[in-house]
1. Average projected area of the Cα convex hull of segment 371-435, in nm²?
2. So what is the diffusion coefficient of segment 308-406 in µm² per second by Stokes-Einstein at 20 °C and 1.002 mPa s, using a Kirkwood Rh over Cα pairs?
3. Among all the aspartates and glutamates, which ones have a C-alpha under 13 Å from K291's C-alpha, if same-chain residues fewer than 8 places away are not counted?
4. If neighbour count is taken as other Cβ atoms inside 10 Å, put I229, I88 in order from fewest to most.
5. Give the range of the longest stretch in the chain that excludes all GluC sites (Glu not before Pro) found in loop regions by DSSP and having at most 11 other beta-carbon atoms within 10 Å.
6. Among W77, T608, S164, pick out the residue whose Cα is farthest towards the positive end of the charge dipole of the chain, where Lys and Arg carry +1 and Asp and Glu carry -1 on C-beta, about the Cα centre.
7. Roughly what would the spin-label model give for L601 and V552, points 7 Å off Cα along C-beta, in nm?
8. State the Kirkwood hydrodynamic radius of segment 467-553 in Å, one decimal place, computed from all pairs of distinct Cα atoms.
Amino acid sequence: MRTLLAFLLLAGAAAHAQVGFDKCLLPEIAAGEGRGYAAQLRALAGEPTRGFDVKYHRLEWTVDPAVRAIAGTVTTWFLAVNDLDALILDLSDTLTVDQVLHHGSALPFLHGPGDTLFIPLPSTLVAGTLDSISVTYHGVPSSSGFGSFGTGDHDGVPVLWTLSQPFGAQDWWPCKQDLFDKIDSIDVWVTTPAAYRVAGNGLLVQEEVLGAEKRYHWRHRYPIAHYLIAIAVTNYAVYSDWSPLPAGTVEVLNYVYPEELADAQAGTAISVPQMQLFNSLFGTYPFLSEKYGHARFNWGGGMEHQTMSFMGAWHFELVAHELAHQWFGNKVTCGSWQDIWLNEGFATYLAGLCYQYIASEWWDVWKFNNVNFITSEPDGSVFCPDTTSVARIFSPRLSYSKGAYVLHMLRWVLGDTAFFAGSRNYLDDPDLAYGAALTPHLQAHLEAAGGTTLDGFFADWYMGEGHPSYTLTWTQDAGGLVTIWLDQITSHPSVTFFEMPVPVRLKHAAQDTLVVLDHQFSGQAFTFPLSFTPDSVLLDPDRWLLHRDDVVVRVGDVMRSREALRIAPNPVVDRVELFHPTWGNGPVECLLFDGLGRLVLQRNASATAGRLQLDLSTLAAGTYRLQMRSGERRCFAQVVKVGER
């Protein structure tokens, strides 16, 4: 079963890496990466280390893609960080543990409800001691959530794959599901019928024929999170692309369905310039001494298994997204699922950067569609408050798209040099590299690179919900002096005001200039000289900011004063406040015209200190032209009426 959210983002999910846009692609990427979740999701709480540090796994499995079952032995080497009397591992209670061995001797164990394997040690293990245990088990992995151990077929041939993010590893092997405890090294042996090949992490070091079966040995010598260990098994066709980098050439090893070979070869080739781009912007490919690769599997979207992404298609953006995770998500992994945007926001943004640098004709479309998607609802934070919900953790709108746009805005606020330097320093921090991080770690590196504080930004855009809407009112006097008034309303009460540098472009024929307004409060006025008379003013013309339902109004020539009519809020739900400093106390006539020029509302009101309120609750949603009369003065403006937010 494939979950498909039918509203937004980008490119045509063709069988190869076609550059284009499909509004359903980002939700599909998110849905694909959210599969493998157990029904009883647990937040990281308590037992942050369980008293031991996993150093190494020897993973030995026997599987047949035609049969949904697994049998094997997992040997775990661990370092006691406290005096240790027992080992606690995660393992679904639907699987059967046959035995637990410690130095060749059987140990008692308790494999009870709650998917916990409790193993008392024969004696207290002193802190600092390295030891090992082996768990032999078998069974049919549980089918909770979308399933972390899947089987299916392609062209009539069986296929098996795993997808453990984030708590699904326990469904099929005994592990420690702790994001801050990466395994230093793994060896994986998979025995399967000889007709099939096995894709896995790291380097394939041996294929051994065992009668009617084959055994494949994959070796990985980089730290790896539990959920990134994976296998896929079917009659794969295998070929390689090669990505030359300054530090060495990386093999891109592809395991694809034979019937799709031509499309796959066309699709995976784009990973070469994408890898070169990420390498130049964010540092050397993190697993340089081994490989990168793709393995086809039967879900839409993809999953960024370390050094071997599992792929449901070969779209340009999907290939980029999973490759980007090798830096953001695999080299540095989110330390809490509340911080999933550190994985998904970056991967989504890096895919966007591939449009900017490789397929630039789609860059503005990528930004336009992301802004529309994110602001299609008035609420939602990048911070994930509910780690028991698959849909919330892997929210396409918030964890992926809004996370990406928050990075885009950080790039605008800091500038390219500081943003990319801070991001690289985050990846290269010796306390974070090949480990786990939280949002404050990223913030600290960006602040250090930019020489600034970002507390307000992260409070608004990471913890806060919603987005702003702007009303820009401008005029120019006979001497060329331009005045801009910038008002803002927010879509959610968690943020009362978004302080942001707002870019504005003033244009006339071949002349234009860009000004950046340091917007610190609603109604703020900005005045500056301009050598030409603009015929248009564009708010955020290059789409650096996240905002919606903006209004740009020029004060007409009939109003000679440089003081303009101010309207708040605009857009308006019911009541709007109007202000003009020359009205004082006295009568003001208000006339509202619809898009066809028809008078739809006429009110006589009384201003107090230049202010009055107008009730528009009876009007239908739409855009209206407002005319105000006070004595000989005439003011004109545009008002946007919206329904309930």
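1. 5.7 nm²
2. Numbers: Rh = 13.8 Å.
In µm²/s, the coefficient is 155.
3. List returned: D241, E251.
4. Details: I229 23, I88 15.
The most exposed by this proxy come first: I88, I229.
5. 1-631
6. After comparing all options, I get T608.
7. A separation of 2.5 nm, rounded to one decimal place.
8. Value: 13.4 Å, from the Cα pair sum.
None of the figures in this text is laboratory data; all of them are computed from the coordinates on show. Keep in mind the model is a prediction, meaning the values are calculated, not measured. When we count neighbours, we look across all protein chains shown, and the Cβ atoms used for this are built from the backbone with ideal geometry, even at glycine.
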